[in-house]
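Undergrad: Please see the structure below; I have some questions.
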């Protein structure tokens, strides 16, 4: 599997393992399933793994750390996120998490973008992971906390990078405007962009991506299936988009892209994985994987051969914007 290198020196495989599902996203996943998924990813050549404290109230970090602990540390890249620390919840016994993860709510997320909070978040993640360092630390979804993100959180991450506790720093968000501000105003290395540069939408071409190329900042493309709309060869009538029901015009465009895929003997998910990697700023596409079978299918999609004529056809029909 091919890799692309950040300016920090970290080499990310073009297909990355998104570990939200290891935190029981939407439904329980067993320890054995989680371990088998990571083992299968390693066998497939995947060497970039992404997690966060938010995912299952630390469960994803613990499971991923356990699965990677015996692997040669210099052979993989691991990213986690900061901004929401985990603290005792005080909730009644039996209370379950209410943010999409099937785990007991013995902990709760507490926003903390202060210098001390960012530092403690990284240290706590390292403890859950059982590792000595994090290769990438992303500020996680600071959408409503822009002033503090600029004044405290990003500078705190840069300080941790200078101390060697983390290798590279940036932000992970579902929008491109604020990450573009981070790139313009701070010495960040990488941005994880979820859902905003995909086969279906290319709004990040208006702000973040040109600036990333100019500044040498890597882009990790996540949520490339746009909440599941592009995850099957033909979108379902009730498909979701951006975590809600897909609008009629969006569904129609996805079906039009699927038509072109069929003309070229491709599938919509194969094209969805391949599309972001065509941009010079993009260093990896991260796909959520829960089981060994999902890893296998993701690797097969990544390995599909996409002819240049397919991309030309999409562009000529006005279905994608050229970079």
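Undergrad: Whether any residue in segment 230-243 is surrounded by fewer than 20 Cβ atoms within 10 Å (Cβ to Cβ), over 18 Å from the mean Cα position of the chain (by Cα), over 29 Å from residue 48 (Cα atoms) and in contact (Cβ under 8 Å) with a residue 60 or more places away in the chain is what I want to check.
TA: no
Undergrad: Which number in (1) without any contact (Cβ under 8 Å) to a residue 60 or more places away in the chain; (2) buried (at least 23 other Cβ atoms within 10 Å of the Cβ); (3) more than 30 Å from residue 235 (Cβ to Cβ) marks the one condition that residue 121 misses?
TA: For residue 121, the failing item is (1).
Undergrad: Let me ask something else about it. Please find, within segment 292-312, the residue that is farthest from the chain's Cα centre (by Cα) out of those that are crowded, with 17+ Cβ neighbours inside 10 Å and in contact (Cβ under 8 Å) with a residue 40 or more places away in the chain.
TA: Taking segment 292-312 first, the residues crowded, with 17+ Cβ neighbours inside 10 Å are 292, 294-295, 298-299, 301-302, 306, 310-311.
Of the ones still in play, those that are also in contact (Cβ under 8 Å) with a residue 40 or more places away in the chain are 292, 294-295, 298-299, 302, 306, 310.
Numbers: 292: 19, 294: 16, 295: 15, 298: 14, 299: 16, 302: 16, 306: 23, 310: 26 Å.
The residue in question is 310.
Undergrad: Oh, and also: Looking at segment 6-66, what strands (runs of 3 or more DSSP E) fall wholly within it and have at least 3 residues that are surrounded by 24 or more Cβ atoms within 10 Å (Cβ to Cβ), at negative phi and at pLDDT 95 or above?
TA: On the way: elements: 11-13, 15-18, 48-50.
Once the strands (runs of 3 or more DSSP E) in segment 6-66 are filtered for at least 3 residues that are surrounded by 24 or more Cβ atoms within 10 Å (Cβ to Cβ), at negative phi and at pLDDT 95 or above, what remains is 15-18, 48-50.
Undergrad: Would you check which residues across segment 41-62 are under 16 Å from residue 77 (Cα atoms), more than 15 Å from the chain's Cα centre (by Cα) and without any contact (Cβ under 8 Å) to a residue 60 or more places away in the chain and list them?
TA: Residues satisfying the conditions are 42, 43.
Undergrad: So, residue 277, is that one over 23 Å from residue 43 (Cβ atoms) and either surrounded by 19 or more Cβ atoms within 10 Å (Cβ to Cβ) or at pLDDT 95 or above (or both) or not? First the steps, then the outcome.
TA: Values: over 23 Å from residue 43 (Cβ atoms): no; either surrounded by 19 or more Cβ atoms within 10 Å (Cβ to Cβ) or at pLDDT 95 or above (or both): yes.
When the stated conditions are applied, residue 277 does not pass them.
Undergrad: Return a yes/no flag: does segment 256-266 have any residue that is touching a residue at least 24 places away in the same chain (Cβ under 8 Å) and in contact with a strand residue (DSSP E or B) (Cβ under 7 Å, 6 or more places away or on another chain).
TA: Checked against the condition, which is being touching a residue at least 24 places away in the same chain (Cβ under 8 Å) and in contact with a strand residue (DSSP E or B) (Cβ under 7 Å, 6 or more places away or on another chain), segment 256-266 yields no hits at all.
The values are calculated or read from the model by the stated rules, or taken from the named source; none is laboratory data. These numbers were taken from a predicted model, which means no experiment stands behind them. All Cβ positions, even for glycine, are placed from backbone atoms using ideal geometry, and neighbour counts span all protein chains on display.
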